[in-house]
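Here the structure is laid out as structure tokens; the discussion comes afterwards.
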Amino acid sequence: MDEVEDAAAGTGQSLYPLHRTKTLHLVRHAQGLHNEAISRKDPKQYFDPQLTHLGWKQVENLRNHIEECGLHKKIQLVVTSPLLRTIQTAIGVFGGREDGRPTIENQNSPPFIAVELCRELLGVKLHEKRRSVSEYQSLFPTIDFSLVESDEDILWKPDIRETRDEIVVRGQNFFNWLWTRKEEQIAIVTHFIFLFENLRAFCSNKDCHPSVTTEISARYMTALGKCILIGPRPESC
């Protein structure tokens with residue numbers, strides 16, 4: 001036993017019972033109008049941009065993939081950042097189908113909930129500012145926005161940019177919130193910097209093997225999904 005424990009300590013490996021873990025399916029949103037503008041070196045700012053034509057193709061490709069591997073039958077909850085591009089991606093990938101169009105208004109869809117803790121780096125950049133909850137609710141009436149505390153976006157500041165350390169603290173609060181949920185298979189549709197900084201911090205705190213750190217904190221392309229198993233469940237949950 002001592003040799004096994006020593007080996008595990010040296011490689012950052014741990015053993016957890018499955019009932020104290022959750023499987024997270026992490027997805028960066030598909031291409032938005034602001035991503036397209038950045039790729040063209042276009043300085044135009046977009047307020048809460050929608051997906052591009054290419055973005056919707058990326059959504060369709062990812063949806064086809066999760067259906068082919070049977071993952072769509074396992075997802076118990078979809079968590080989305082409350083911005084238009086993440087919501088569109090979440091519904092397009094994980095929603096049901098009605099007349100050939102994505103929808104979450106039928107029994108084939110898991111519940112969807114919007115959570116501000118998994119938003120992108122806040123402040124200054126207009127594409128990180130969200131619309132009012134009332135406007136989103138009129139567009140997506142079946143998404144649960146009850147955890148978004150204010151109708152207007154009071155977190156985004158035009159002259160203050162959130163730091164990388166602050167987004168990691170926010171991310172830790174997000175992961176702590178996930179442990180309060182009963183679901184074990186959760187899809188999360190969020191943003192590049194949120195994923196990159198928090199997965200890198202997670203690996204650092206857990207002393208992951210270097211190969212694991214490289215793989216899960218690698219750059220997320222638009223509409224790219226990764227699956228990770230996290231644990232252990234805190235004793236208080």
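Working note: Karplus 6.51/-1.76/1.60 with θ = phi - 60° gives the stretch 62-75 the couplings 5, 4, 4, 5, 6, 6, 5, 8, x, 5, 4, 7, 9, 5 Hz, where Gly and Pro are set to x.
Solvent exposure of ASP42, expressed as accessible area, is near 50 Å², computed with a probe of 1.4 Å over the protein chains only.
The values are calculated or read from the model by the stated rules, or taken from the named source; none is laboratory data. A quick note: this is a predicted structure, and the numbers were derived from the prediction, not measured. These accessible areas exclude ligands, DNA and RNA; they are computed on the full protein's heavy atoms, side chains included. Shrake-Rupley method; radii C 1.70, N 1.55, O 1.52, S 1.80 Å.
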